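The values are calculated or read from the model by the stated rules, or taken from the named source; none is laboratory data. Predicted, not measured: the structure shown is a model, and the values here were computed from it. For neighbour counting, all protein chains shown are included, and Cβ atoms are generated from backbone atoms with ideal geometry for every residue, glycine included.
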């Protein structure tokens, strides 16, 4: 929440509170989307001028820093102006500030933000809307809650993962819980859980706070965001808005990649606080945008999001009941893919005519939870949550086309999902240094599939492209338990150890049952079993005056792991199947303060997986990655360098993968070097700048989507990363 005083970081925040489901629907303050027209090749002259300006800024900083050597060093530790490393808050939990400038270039969406955290990777599809992976696990293996609410995309090819609808600048906190180590936020994510949350405000007196950001960069990158909040002891109001856009970027070889985007988002909330212990909040939001994709024959022509939420919370004055909260929400995602808005149809390609596909998903849900406390020694959080969503689709083309205007076509429902769960999480403080945390939940899942064929699970795939085979409907349901037990021990005032054993059972998601590479048959629909993950997670964090270090490691067994086997494209042999898998890995990091002005940090992330059924590598495993940083900060000026070194990956399973990408073969290692600088003009104004991929290296990540053959572009096996890119961001808060 926003307080009425400020410090060097900008606007202060209250202690974190459990997120409430308060995402919302149509926002009256939102305007029409800025059209994302086709963009020509980048303006080289403008880019050169921007690069020159930022180099000059960096040189000025280098020149200024020595003259400031004699200045009085800061007496308090300041947060970095540009964030390049994310140490964990606890051994298994990472908390990051989504508003802070980060290198690489500040995030355009939720996945962009997460990729800066060790252990995360992003499957690149274009310039934005990539798919986040934690420890090589993607899709619904990574639980996601947006202000406590669930939001699902609809594209069978995952053009619109839930993180594509997240504007990081509109949130106050992002919390990452590694492994199946919580049961509070819906069905357990076997890889981990990510919480995008806004702080809950409480005003002891009337107050107002505002923050605005402007970002400009290479490839016509331009972002604007604002956050306005006001309130008094009786209530509060908040308005956040964000707009981000970019043209096609160029890779390290100077080749243009089909990757432009243009997106806006706005959210508003209104709260009533009749007393200091009660809160009622109504929230609403809307967003839209477009994005070009290098991995597909279509682009994202619409990413419409509408959401509405209502939440209430009460904290009694006394007694064991600490709080009780209830919330309901409705989130709607309406996504359009086509091959004519951001490109020209290729007359020699698979879709020579203008075509469009419109998919939508409405997710409704709610939650009721209470927290009990027994004299501070035992705390119990328990409750129930429910969600249901229906997926619809329709196809066509632009007005006047042979396929017919897609807007005039009826929507066809192809799937419906329902979930109801009950959970409890208990924390038992044995003494001041030792805690035992345990949680359990049970979820009842039901899914209805429509338009399925009666083909066998070993047969071909009906992709709904006019096949006259008769279709039928089917349903299935399952009750799935999940649980964990974790030991926490503060070894001393600076060191904390955690060891936890978790078990999560995951129901197959939409993409595994109905997506692009799934078989659309009754037999396949019924045969795909839920995943069962049992995983040991352990970690330690040490925070000293000059030295900090952390380690988190895991090892697990996944029975009935859902893998996608395909030979590329939309081949009849593509299918989702169950195997048994083994996984292991670790993330580690350290930070040294070298005197009053200098500090250095390093991190390492490693993930390993084996297809135990077929005794080969588990696909889409990121290679070993290391990051090294060096920063000089005197409290007013800062200058930093970041090196990212990634090893080659030779453990592959070509033709197999997940719902997003597949192994395309071995990949080479690479190293990328970047610079950043910052200027704290005063407590309220900060300027940050950076140059990513300083040496203009041409490279592609191992976990990737196959590059599509697009007319007018140089085709590569994988979607290449951006070449040298410069950016500058100005933040003002008061």
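Remarks
- The range 510-519 - residue that is in a loop (DSSP other than H, G, I, E, B) and either touching a strand residue (DSSP E or B) at 6+ places or on another chain (Cβ under 6 Å) or modelled with pLDDT of 95 or more (or both) and, of those, nearest to residue 159 (Cα to Cα): 517
- In this entry, residue 456 is excluded by the filter for residues that are modelled with pLDDT under 95, in a strand (DSSP E or B) and surrounded by fewer than 16 Cβ atoms within 10 Å (Cβ to Cβ).
- Taken over the range 282-299, the residue count meeting the criterion of being in contact with a helix residue (DSSP H, G or I) (Cβ under 9 Å, 6 or more places away or on another chain) and closer than 19 Å to residue 336 by Cβ is 3.
- The range 545-643 holds strands (runs of 3 or more DSSP E) entirely within its bounds, and those carrying 3 or more residues that are farther than 30 Å from residue 535 by Cα map to 575-594, 598-611, 625-633.
- Test: residue 203 is modelled with pLDDT under 95, in contact with a strand residue (DSSP E or B) (Cβ under 9 Å, 6 or more places away or on another chain) and not in a helix (DSSP H, G or I): yes
- Count of residues meeting criterion [part of a loop (DSSP other than H, G, I, E, B) and under 13 Å from residue 142 (Cβ atoms)] in the range 167-181: 2
- Restricting 355, 337 to residues that are in contact (Cβ under 8 Å) with a residue 12 or more places away in the chain, touching a helix residue (DSSP H, G or I) at 6+ places or on another chain (Cβ under 9 Å), surrounded by 15 or more Cβ atoms within 10 Å (Cβ to Cβ) and within 18 Å of residue 154 (Cβ to Cβ) narrows the list to 355.
- The single condition among (1) surrounded by fewer than 20 Cβ atoms within 10 Å (Cβ to Cβ); (2) farther than 17 Å from residue 672 by Cα; (3) under 23 Å from the mean Cα position of the chain (by Cα) that residue 645 does not satisfy is (2).
- Filter result for residue 372 (more than 30 Å from residue 289 (Cβ to Cβ) and touching a residue at least 40 places away in the same chain (Cβ under 8 Å)): yes
- Condition check for residue 279: touching a helix residue (DSSP H, G or I) at 6+ places or on another chain (Cβ under 6 Å), touching a residue at least 12 places away in the same chain (Cβ under 8 Å) and either closer than 19 Å to residue 247 by Cβ or in a strand (DSSP E or B) (or both): no
Residue by residue, here is whether (1) surrounded by fewer than 23 Cβ atoms within 10 Å (Cβ to Cβ); (2) at pLDDT 90 or above; (3) at positive phi holds:
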| residue | (1), (2), (3) |
| --- | --- |
| 76 | yes, no, no |
| 84 | no, no, no |
| 92 | no, yes, no |
| 106 | no, no, no |
| 111 | no, yes, no |
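- Residues satisfying the stated conditions in the range 108-148, i.e. under 24 Å from residue 255 (Cβ atoms) and assigned to a loop (DSSP other than H, G, I, E, B): 108, 109, 115, 125, 127, 128, 129, 130
- Matching residues in the range 300-331 - criterion: being free of Cβ contacts under 8 Å to residues at least 60 places away in the same chain and part of a strand (DSSP E or B): 301, 302, 304, 312, 314, 321, 322, 323, 324, 326
- Condition check for residue 225: in contact with a helix residue (DSSP H, G or I) (Cβ under 6 Å, 6 or more places away or on another chain), outside any strand (DSSP E or B) and either touching a residue at least 24 places away in the same chain (Cβ under 8 Å) or within 22 Å of residue 295 (Cα to Cα) (or both): no
- Number of positions in the range 206-222 that are assigned to a strand (DSSP E or B) and under 30 Å from residue 302 (Cβ atoms): 9
- Residue within the range 256-263 that is modelled with pLDDT of 95 or more and surrounded by fewer than 17 Cβ atoms within 10 Å (Cβ to Cβ) present: no
- Take the conditions (1) within 24 Å of the chain's Cα centre (by Cα); (2) farther than 26 Å from residue 148 by Cβ; residue 362 misses just one of them, which is (2).
- Test: residue 255 is within 30 Å of residue 335 (Cα to Cα) and without any contact (Cβ under 8 Å) to a residue 24 or more places away in the chain: no
- Residue, nearest to residue 127 (Cα to Cα), within the range 245-274, restricted to residues that are assigned to a loop (DSSP other than H, G, I, E, B) and under 23 Å from the mean Cα position of the chain (by Cα): 259
- Filter pass, residue 562 being within 29 Å of residue 450 (Cα to Cα), at pLDDT 95 or above and in contact with a helix residue (DSSP H, G or I) (Cβ under 6 Å, 6 or more places away or on another chain): yes
- Residue within the range 595-607 that is within 26 Å of residue 502 (Cβ to Cβ) and either free of Cβ contacts under 8 Å to residues at least 60 places away in the same chain or touching a helix residue (DSSP H, G or I) at 6+ places or on another chain (Cβ under 6 Å) (or both) present: yes
- Subset of the range 489-501 [part of a strand (DSSP E or B) and more than 21 Å from residue 191 (Cβ to Cβ)]: 489, 490, 491, 492, 495, 496, 497
Every residue, every condition in (1) crowded, with 20+ Cβ neighbours inside 10 Å; (2) part of a helix (DSSP H, G or I); (3) without any contact (Cβ under 8 Å) to a residue 60 or more places away in the chain, yes or no:
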position: 363; (1), (2), (3): yes, no, no
position: 368; (1), (2), (3): no, no, yes
position: 385; (1), (2), (3): yes, no, no
position: 437; (1), (2), (3): no, no, no
position: 449; (1), (2), (3): yes, no, no
